[in-house]
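What follows is a short report on a single structure.
The values are calculated or read from the model by the stated rules, or taken from the named source; none is laboratory data. Small disclaimer: the values here were computed from a predicted structure and weren't measured. Quick reminder, even Gly has a Cβ in these numbers, built from the backbone with ideal geometry, and neighbours come from all protein chains shown. Quick note on the areas: whole protein, heavy atoms, side chains included, nothing else; ligands and nucleic acids left out. Shrake-Rupley method; radii C 1.70, N 1.55, O 1.52, S 1.80 Å.
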Amino acid sequence: MKAARLIAVLALAAPLGLAACSSEPPVQTSFPELQYTYLPQITLKVANVEVRDDYLPGPNAAQMIALAPEAPAAVLERMAHERLIGDGSPGSAVFTIKRASLDQVGDTLQGTMTVELSVDTSNGERVGYADATVSRSETAPSNESPDRMRAALYALTKRMMADMNVELQYQIQKSLPEWLAYGPGAGMAPAASTLPPAYNGNSGIVAQPLDGAPDAAAPMTGGSPMLTGPAAVPGQSLGTMPLPSPQVQ
């Protein structure tokens, strides 16, 4: 009789255990490429923008980066190519990735990104730079299966990039205002082709309006659409370009 009762109890407990397991949210296994073409481009008064990755991760960071669906340095490179453009004026700019780390310390996942945008005149003289750093930390998944860890690293990178898009634009507007230009686009007048004035901090920033709302498939999670502004006119100072909102939960 005792054996029969034990079997009956186990038979009742099994569905309950399965129900408890099924209540956990599904693990993300598909990771769309992080893109930022829906954000306004930052047009610089230079002929070209070079992108460099100078970050060399240590052994622990390299292991975590290899596990991540999107390596932070690769996403930073993509963002730079998508958002930073030159208007054809003499001079050059260099976007340098100084740090793009992912690491685990105890039960915490940590990430840090540091970048620098420097500007040189046509004769190679460095005239200014802007740098930006963002950091995030998240609790590591309690069930450290490869799938759960990959999903957590992807989410951490996505949140850091949302922060970086805001911070980098702010630092460029703050430190390199004379090298910002109004960029040409559909239905817009061409950008002025004149060289920036002497680096004296007296010039305003000419804003580039957003060409339209981001596509529905863009990586946005709630919140209102990106800010739009009035049409810019070459040579007209409009204050600062609206900063993108980090719409990542």
Exercise. For segment 45-67, what are the residues that are within 18 Å of the chain's Cα centre (by Cα) and part of a loop (DSSP other than H, G, I, E, B)?
Worked result: ASP54, TYR55
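Taking the criterion of being modelled with pLDDT under 95, under 24 Å from ASP53 (Cβ atoms) and either crowded, with 17+ Cβ neighbours inside 10 Å or not charged (D, E, K, R) (or both), would at least one residue in segment 186-199 satisfy it?
No.
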Exercise. Do we find a residue being part of a helix (DSSP H, G or I) and at pLDDT 95 or above anywhere in segment 83-106?
Worked result: yes
Seminar exercise, completed: Condition set in contact with a helix residue (DSSP H, G or I) (Cβ under 6 Å, 6 or more places away or on another chain) and either among the acidic types (Asp, Glu) or farther than 22 Å from GLY128 by Cβ (or both), scope segment 40-56, selection most open to solvent (accessible area, probe 1.4 Å): answer is ASP53
Exercise. Are any of the residues in segment 124-145 closer than 28 Å to THR43 by Cα and in contact with a Pro (Cβ under 9 Å, 6 or more places away or on another chain)?
Worked result: yes
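Quick check on this structure: which one of ASP131, ASP107 is over 21 Å from GLU33 (Cα atoms), of a type outside the set (Lys, Arg), open to solvent by 50 Å² or more (accessible area, probe 1.4 Å) and within 18 Å of the chain's Cα centre (by Cα)? Talk me through it step by step, then tell me what you get.
Details: ASP107 fails: within 18 Å of the chain's Cα centre (by Cα).
None of the others qualify; the one that does is ASP131.
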For this session: Would you check if TYR129 is part of a helix (DSSP H, G or I) and of a type in the set (Phe, Trp, Tyr)?
Result: no
Exercise. For segment 110-126, which residues satisfy the criterion of being open to solvent by less than 40 Å² (accessible area, probe 1.4 Å) and under 18 Å from MET164 (Cα atoms)?
Worked result: GLY111, THR112, MET113, THR114, VAL115, GLU116, LEU117, SER118
Seminar exercise, completed: Only unsatisfied item for PRO141, checking (1) crowded, with 18+ Cβ neighbours inside 10 Å; (2) not in a strand (DSSP E or B), is (1)
Exercise. What pairs can you find where one residue is in segment 86-98 and more than 9 Å from ALA181 (Cβ to Cβ), the other is in a strand (DSSP E or B) and of a type in the set (Ser, Thr, Tyr), and their Cβ atoms are less than 7 Å apart, with a gap of 6+ or different chains?
Worked result: ALA93/SER118; VAL94/SER118; LYS98/THR114
For this session: Look through segment 57-83, keep the residues that are free of Cβ contacts under 8 Å to residues at least 24 places away in the same chain and open to solvent by 60 Å² or more (accessible area, probe 1.4 Å), and return whichever of them is nearest to ASP147 (Cα to Cα).
Result: ALA66
